[in-house]
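Heads up, the thing below is written out as structure tokens.
The values are calculated or read from the model by the stated rules, or taken from the named source; none is laboratory data. The shown structure was predicted, so the numbers you read here are calculated from the model rather than taken from an experiment. A quick note on method: Cβ atoms are made from the backbone with ideal geometry, for glycine too, and the neighbour counts reach across all protein chains shown. What goes into the accessible areas is simple: the full protein's heavy atoms, side chains included, and nothing from ligands, DNA or RNA. Shrake-Rupley method; radii C 1.70, N 1.55, O 1.52, S 1.80 Å.
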Amino acid sequence: MLSDITNFAEYLREVKKTSRNTELSYQRDLIQLSAYLEEQGITEVGKVTKTSLNSYILYLEREGKATTTISRMLASMKAFFHYEFSLGKIPKDPAELLKAPKIEKKAPTILSVEEVEMLMAQPKGKKPKEIRDKAMLELLYATGIRVSELVHLELTDVNLPVGFITCRDDQKERNIPFGRTTKKALVDYLENGRESLLKGKEANWLFVNCNGKAMSRQGFWKIIKYYGEMAGIQSDITPHSLRHSFAAHLLKNGADVRAVQNMLGHSDMATTQVYTAYCSVRAQQK
């Protein structure tokens, strides 16, 4: 079954042109499924049934996996077995009628303007790492980009004279502006932080870690947790909290919802309107 998974990953990369992250995520999920099925004595794709897949989903639930994780794994299974069926390798798609568990949607964690200001004030030292952290926090809140987009920014994606960054995904490209405060933090980082972190190495990435390599999402998650605790913020703050806060604060100040949708890169307007609803609730509570 592992060879089938490898072929599927190649199909995603060469034919579907999916992102590297998506390809690796699907491959990881399917390898875990393969290991489980092998323990049940199933080693061939043609021997997999709807019952065996349902058994795997129940196993994931017993293991305490989040519904979002199970839904993602189910999406991987559906894509893989549809691919196998379309090639004629299996007579029937065992994943076709599988249903994902219901996901309870939690209200997004949105910081107050005061909390954001406290967070931004934390990295105030002159060490290269602190200068970098300041620039990353400022840019994330100023643009509302995803943390994955933040850590994958390259030097050429930043237009300092005009004041915008360019973000790209599988389907589109978007330019997002930032203000003078963020520009100042970026200039400080580029002039006084980045070269010290690189330690003589060369890299295209805008933000690098203390080893001169690209920052990781996990690395930045730890950074924002650290400064959130320093600021005394009680909310469960994550990198996505700044994205949520960026959108909510813009809409609260009268920004056009479609403009915010474009900056966030949402394909569905309803996703952006969640923040409009939040603003309405907050207004009623005052």
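Sort 118-130, 53-65 by packing, meaning the average of other beta carbons within 10 Å per residue, with the highest value first.
Going from most to least packed, we get 118-130, 53-65.
Say each of residue 82 and residue 276 gets a label point 7 Å from the Cα, pointing the same way as Cα to Cβ; how far apart are those two points in nm?
With each label placed 7 Å out from Cα toward Cβ, I get 3.0 nm.
Over 10 Å intervals from 0, what percent of Cα-Cα pairs in segment 82-223 sits in each interval?
It works out to 10, 33, 26, 12, 12, 6, 0, in whole percents.
Could you state the accessible area per residue of the chain in Å², with a 1.4 Å probe and every protein chain left in place?
That works out to 57 Å² per residue.
Once each part is reduced to its C-alpha centroid, what is the distance from segment 160-198 to segment 45-87 in angstrom?
40
Stretched out fully, how many nm does the piece from residue 66 to residue 258 gain, at 0.36 nm a residue minus the Cα gap?
Answer, rounded to one decimal: 65.9 nm.
Once you place label points 7 Å from the Cα toward the Cβ at residue 234 and residue 10, how far apart are they in nm?
5.7
List every residue whose amide H lies under 5 Å from the amide H of residue 214, counting only residues 5 or more places away in sequence or on a different chain, with H placed 1.01 Å from N in the peptide plane.
209
Which one is right for this structure if volume of the Cα convex hull per residue in Å³ is calculated from it: (1) 182; (2) 168; (3) 157?
Here volume of the Cα convex hull per residue in Å³ agrees with entry (2).
Which FRET efficiency value, to the nearest 0.05, do you get for residue 210 and residue 124 by plugging their Cβ-Cβ distance into 1/(1 + (r/R0)^6) with R0 = 25 Å?
For residue 210 and residue 124, the calculated efficiency is 0.85.
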